[in-house]
Amino acid sequence: MASKVFRALYTDDDILMNAVKQVRGQKYHIEEVYTPFPVHGLDKALGLEDSRISMAAFLYGVLGLTVAVTMMNYIMIEDWPQDIGGKPSFTFLQNLPAFIPVMFEMTVFFAAHLMVITFYLRSRMWPFKKAENPNPRTTSDIFLMEVAVKSEQEDALTELLLDTGAIEVQVPKA
Amino acid sequence: MYQFSQRFKITTLILMGLGLLGLGYGFMSAPSTIEEAKAMMASHEGGHGEEHGSADHPTLAEAHHGNADSHHESNSEGSHSEDHGDSTNHDAHAAAAEDHGSSHDQHVLDQMKNRPWSAFYVSALFSFLIALGVLAFYAINRAAQAGWSPLLFRVMEGITSYLIPGGIILFAFFVLSGLHMNHLFVWMDADVVAHDQLIQNKSGYLNTPFFLVRAAIYIGGWIAYRQYSRKLSLAEETASDNKPFVTNFKLAAGFLAFFLVSESMMSWDWIMSVDPHWFSTLFGWYVFASFFVSGITVIALFSLYLKSKGLLESVNNSHIHDLAKFMFGISIFWTYLWFSQFMLIWYADIPEEVTYYVMRFEAYKVPFLGMLVLNFIFPLLVIMRSDYKRIPWLIQTVGIVILTGHYFDFYNMIMPGTVGAHWSFGIPELGGILFFTGLFLYVVATTLTKVAVEPKGNALLEESKHFHY
């Protein structure tokens, strides 16, 4: 009962979307899909869970805001209060309007940078990493779908994939 | 077809009736002589009344003082630095200082008389500007040939129909102000102008006839676009080609150019001029953001209402999601402009500019800061999450909060300049809100019954029906 991974190649995103729906409709398990560009709605067609990156971004933003508040309070109020433009820095609240741009920028900075870094790491992309995509043409003009299949269903799957408009189905040896 | 049910109609009529009673009470209870005004302040403010006359009372007396002199004092500061050698100007100030006592009393009386007028004006202005915000949103969607929104055009056109009664009411109000029925616009008062160099300098622009002409041009221009665009929009349903659609597209682009200029000038005329010494260069944008987000919120509320009646079947989650995104985004845009205006004035600390905020921080703390919570923090935290922008009851809740918050935004723009430190929120203000809510709902619902709520024949309609996010 060893399962193999078939690779079906497509040349068009609409054909790919229909193929994904049909293959999933037949209860096959799609391991992964590689596309040259983001295909709108593919995540829903594949039944992927919603990304949690937005929650991460919110938390990073809160972190950035906290850092900004702490930083401005330390620099401008506690460590070395300065009288800038006739606005003495006695309390944080008195000077709050002047700190708001800093707080805003730090929130955005933390949220944006940490979100990008998180996204790269979560996608298993880091420096000197070797590309994982099985066929370099998926970075150019080919859409590739990987489908797991049990040995007794191999012929039926090949048939189905070709029916859905695949230009080629690659079957691993043995 | 939408049916304006008997129950809903009676509700709007009751709202209008209660509102008129509230406003009437406001006018009846306003003092007509200085003695009455003094007696009312003594009884109304209880213990404060005793100390009122003495200069020791720190907050109240100062607030009155700063307020009574909002034309005299900040003027002297401003003009001293601007034209030092102007001796006539100094004489005028000396004269103003001499009869300060009696002019103070007169000023307080004027402010107390202003209260019911201001309560009426804030609601009249806010409801009119909501319809104007919807008109701007509609024109932007037309000019951009947006694919998602044509399904909602009938809803927007229904709301903009309020521009006609709302505009007539506002114009009548301005005529009454010009006839000195109230003192909302102090620059209309020849006595005030005679003692006020700063207003004299502006009187080439700020004078009653020119003010009324401008108001007529703005209101007339906006209503004309609304009527013509509605006509073309209805013609799309039966047209055999795209001609009405294309004409409407060009018309929208032209209107937006007119609107950007007229809206900015409207905000100076109708709102900024109640504080005729004060100015802010981004005021037009700020006012626009406020009524734009209110208008979009009202579109969302009406769309959800009509959808719940089963009349907007093709409107799906994604349309609601888009409206909620605009509510969220423009709320933040409003905050950005509010803060941009505030921070520069706070930092520069120039007397004639900063008095505007000093007044609001000292006498209007609760509505002024509370509004920031309602308009910024609440929408920011509640509808930030993508999924939440599709939940009808949540959008309705946030919508009501946003509308309340922006009502208070306009309240804070008008009241400090007209009523001063003697503000309160009571029967006249509630009456204004109820009356204009009732009138607004009545007019909009009546217009919605005229044609099917789902449009036909728009060139982008199919795209709108299949819109999904």
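The values are calculated or read from the model by the stated rules, or taken from the named source; none is laboratory data. Keep in mind that this is a model prediction, so the values were computed, not measured. Quick reminder, even Gly has a Cβ in these numbers, built from the backbone with ideal geometry, and neighbours come from all protein chains shown.
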#### Entry: Residue in the stretch A:47-71 that is farthest from the other protein chains (Cβ to nearest Cβ), counting only those that are farther than 18 Å from B:Arg385 by Cβ and surrounded by fewer than 15 Cβ atoms within 10 Å (Cβ to Cβ)
A:Thr70
### Task
Please determine, by comparing only the residues of the stretch B:184-233 that are charged (D, E, K, R) and in a helix (DSSP H, G or I), which one is farthest from B:Ile164 (Cα to Cα).
B:Asp191
## Note on the structure
When restricted to A:Pro88, A:Pro81, the only residue within 13 Å of chain B (Cβ to nearest Cβ) and of a type outside the set (A, V, I, L, M, F, W, C) is A:Pro88
### Message
Being in a helix (DSSP H, G or I), at pLDDT below 95 and within 14 Å of chain B (Cβ to nearest Cβ) is the requirement here; does A:Met17 meet it?
### Response
yes
### Query
Among (1) within 12 Å of chain B (Cβ to nearest Cβ); (2) farther than 23 Å from A:Tyr60 by Cβ; (3) in contact with a helix residue (DSSP H, G or I) (Cβ under 8 Å, 6 or more places away or on another chain); (4) not acidic (Asp, Glu), where does A:Met103 come up short?
(2)
### Query
Restricting the stretch B:447-469 to residues that are in a helix (DSSP H, G or I) and aliphatic (A, V, I, L, M), which is surrounded by the fewest Cβ atoms within 10 Å (Cβ to Cβ)?
B:Leu461
### Query
So is B:Thr449 closer than 21 Å to B:Glu237 by Cα and among the polar types (S, T, N, Q) or not?
yes
### Task
Could you please let me know if A:Asn95 is polar (S, T, N, Q), within 13 Å of chain B (Cβ to nearest Cβ) and over 29 Å from the mean Cα position of the chain (by Cα)?
yes
### Task
Quick one: which helices (runs of 4 or more DSSP H) lie wholly within the stretch A:31-145 and hold at least 3 residues that are among the β-branched types (Val, Ile, Thr) and not assigned by TED's automatic domain parsing to the domain that holds A:Gly165?
A:53-72, A:96-122
### Task
Collect the residues in the stretch A:23-49 that are under 19 Å from A:Val171 (Cβ atoms) and polar (S, T, N, Q), keeping them in residue-number order.
A:Gln26
